[in-house]
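Some notes on the structure that comes next.
Only the coordinates and a few stated rules stand behind these numbers; no lab work does. Since we're looking at a predicted model, the values are computed, not measured. Cβ sites come from the backbone with ideal geometry, for glycine too, and all protein chains shown count toward neighbours.
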Amino acid sequence: MEYLSLELITLSVKSVEAETVRGVRVTVHGTCQIKVDAYTLETLQQNIPQITLACQHFLGKVSRDICERENML
């Protein structure tokens, strides 16, 4: 059985030579946080589409695995 962590994960992101809408090349350093949106705010029921999407990307991985993947991008 595989488990999906619902903890908040913080990643450092770097885009090198990204092109803006106006064609300007920039290098950007940033921070993002990812978390599974497991429940809807209105009804507090399971948010099945978001859980399904998170499973496709992260099922069976621990925070360390996701952070290591970040360094390969």
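Here are some notes:
- A DSSP coil position with no more than 14 other Cβ atoms inside 10 Å describes the following trypsin sites (Lys or Arg not before Pro) in region 1-40: R22, K35.
- The chain: angle of helix 48-58 to the longest principal axis, Cα-based, in degrees nearest 10: 60
- Sites listed here are chymotrypsin sites (Phe, Trp or Tyr not before Pro) in the chain whose DSSP assignment is loop and whose Cβ has at most 13 other Cβ atoms within 10 Å: Y3.
- CD proxy at 222 nm, helix term only [per DSSP H run n ≥ 4: -39500 (n - 2.57); per residue of the chain; nearest 500]: -8500 deg cm²/dmol
- The S63 and L41 beta-carbon pair, evaluated with R₀ = 30 Å, returns a calculated FRET efficiency of approximately 0.75.
- Acute angle (nearest 10 degrees) that the helix 63-72 long axis makes with the longest principal axis of the chain, alpha-carbon atoms: 20
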